[in-house]
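Data first, discussion second: the structure below is written as structure tokens.
The values are calculated or read from the model by the stated rules, or taken from the named source; none is laboratory data. Keep in mind that this is a model prediction, so the values were computed, not measured. Cβ atoms come from the backbone with ideal geometry, glycine included; neighbour counts cover every protein chain shown. Heads up: the accessible areas ignore ligands, DNA and RNA and are worked out on the full protein's heavy atoms, side chains in. Shrake-Rupley method; radii C 1.70, N 1.55, O 1.52, S 1.80 Å.
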Amino acid sequence: MSAVESNLLLAHCTVLDARVVDGADPVPDAAVWVRGDRIAAVGPYAQVAAQAQAAGAVREVDLDGAYLTPGLVNMHTHLSLSLPGTGGDDVKTMGPHDLAYYMADGARRTLHCGVTTVRCVAEKDHADFALRRAIAAGRVQGPRILTAGRALVCTGGHGHESSDTLECDGPVGFRRGVRSQIKAGADLIKVMISGGIAGEHERINTPQLFTDELAAVLETAHAWGRKVTAHAGPAEIIGAAVELGLDCVEHGYQLTPQVVTRMAERGTALVPTLLVTRCKEFFDELGVPEWMQCRSLGAGPRHLESFAMAVDAGVEVLLGSDMPPFWHFEGTNATVRELECMSERIGPARALHAGTRGPVRWLGVEEDRGTVEVGKLADLIAMDEDPLTATSAFRGVRWVMKGGRIARDDRTEAA
Ligand SMILES: [Zn+2]
């Protein structure tokens with residue numbers, strides 16, 4: 001791995017970020033001066049170049065007219081995902097050492113897709129904490145990780161078959177579950193409050209936590225300053241959780257106008273993971289059994305309808321793939337494909353928000369990430385097409401920087 005690139009002038013690019021939603025214009029013929037791991041200046045090329053040169057020798061990186069945006073944030077990631085089926089069984093039977101290498105490989109691929117931050121929402125055996133340490137120490141390439149550790153489920157609840165969940169029962173049990181994840185290093189808490197697609201013995205609308213159990217999760221997590229996100233499908237279960245103070249809903253397969261109105265009023269975000277009800281190709285690759293495919297694809301139309309309802313009600317919607325972020329899917333990676341699906345409803349500018357600034361706000365790291373501004377971490381990506389014209393521009397990400405280090409540059413590799 002190269003030494004820290006401490007003094008770089010990213011030249012000849014158009015700089016844009018999600019502030020366009022608030023009326024800020026992209027900056028053409030721009031440059032970004034990166035010093036250490038942060039952005040030192042951004043603006044018209046001549047001005048920024050003069051400023052950088054006055055401060056000493058600076059190496060110019062010609063971006064050749066690319067569009068430069070903040071790195072993407074994937075809010076629903078599992079780097080140790082194992083679905084029912086042969087592909088998932090391979091991961092499930094890995095020992096801890098194999099699992100660590102497997103996840104490290106996924107982390108590197110994820111970063112190379114232009115995803116510079118992930119929110120992990122259930123990972124096996126606390127390997128995510130080791131991976132996060134290895135990435136932070138520079139031993140492994142990967143995105144910045146915020147993680148929930150293991151997801152909390154009731155005994156026999158959604159995902160209980162795998163070591164990326166922790167079975168808890170009763171308010172005392174769930175309090176202990178929250179505390180144990182925070183003790184291990186969790187940045188947030190994930191809880192499964194309804195059945196889902198991947199559980200053979202349950203239905204999507206099976207309620208899984210009693211009110212006192214979910215209240216215990218929320219109260220404990222919030223007391224420790226951690227937000228809570230919930231895997232949830234049906235409106236009734238989501239509606240009750242929103243009233244109790246849930247911070248984010250994953251999937252939301254069966255929302256109603258009443259529930260999305262309350263989500264908007266209370267500031268509960270939605271990570272729709274639209275891909276999970278439209279990814280037959282992915283399921284086939286993994287040998288996912290027929291019953292699960294039927295349930296997944298069958299839920300698709302209602303899922304899309306729920307997403308549209310949430311958008312129309314003004315719910316904050318955020319990018320999350322559920323599928324491994326780097327997984328090749330429908331001609332691109334899962335992260336970009338998910339953002340394209342969201343963009344069909346919300347348009348490219350708001351899609352950019354949903355994939356950058358919206359997530360960092362939810363994560364509470366807006367001070368450091370999410371826009372191309374002086375003082376922020378230099379987590380940046382470049383592509384040749386304009387992502388404000390079409391979200392598919394992200395298919396063409398060809399250059400990735402994380403914390404001032406160039407992690408991917410296709411032109412250098414070609415040379
Ligand atoms: Zn998931």
### Summary
Between the Cα axis of helix 45-54 and the main Cα principal axis of the chain, the angle (0 to 90°, nearest 10) is 80 degrees
### Query
Given the C-alpha centroids of the range 48-62 and the range 158-213, what is the distance between them in whole angstrom?
51 Å
### Message
Over the chain, what is the relative contact order in percent, taking alpha-carbon pairs closer than 8 angstrom and at least six residues apart?
### Response
19 percent
### Query
Contour minus end-to-end for TYR101 and ASP410, with contour as 0.36 nm per residue of separation and end-to-end as the Cα-Cα distance?
108.8 nm
### Amide hydrogen neighbours beyond the local backbone of HIS328, cut-off 5 Å, H modeled
none
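May I ask you to give the solvent-accessible area per residue for the range 333-415, in square angstrom, as obtained with a 1.4 angstrom probe?
Accessible surface, normalised per residue, equals 36 Å².
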## Note on the structure
Whole-number value, in Å³ per residue, for the convex hull of the alpha carbons of the chain is 129 Å³
### Query
Separation of the range 108-126 and the range 350-371 by C-alpha centroid, Å?
16 Å
### Message
Could you work out what % of the accessible surface of the chain is carbon and sulfur, using a 1.4 angstrom probe and leaving DNA, RNA and ligands out of the count?
### Response
51 percent
### Query
Helix 96-112 versus the longest principal axis of the chain: what is the Cα-based angle in degrees, 0 to 90, to the nearest 10?
50 degrees
#### Entry: Highest-fluctuation residue, PRO348, PRO289, PRO325 considered, GNM on the chain with Cα pairs under 10 Å
PRO289
### Query
With each label point set 7 Å from Cα along the Cα-Cβ vector, what nm distance links ALA137 and GLU367?
2.7 nm
### Message
Let me see the P(r) profile for the range 114-170: every Cα-Cα distance counted, bins of 10 Å, each bin given as a percent of all pairs.
### Response
25, 43, 23, 9, 0
### Message
Using only the heavy atoms of the protein chains and a 1.4 Å probe, how would HIS97, HIS353, HIS303, HIS126 rank by accessible area, largest first?
### Response
HIS97, HIS126, HIS353, HIS303
### Summary
Within the chain, the percent of DSSP beta bridges that are antiparallel, given to the nearest 5, stands at 45 percent
### Task
Any lysines with Cα under 21 Å of the LYS190 Cα? List them, leaving off those in the same chain fewer than 8 positions away.
LYS92, LYS124, LYS227
## Note on the structure
Which of VAL140, VAL73, VAL32 fluctuates most in a GNM of the chain (C-alpha springs under 10 Å)? That residue is VAL140
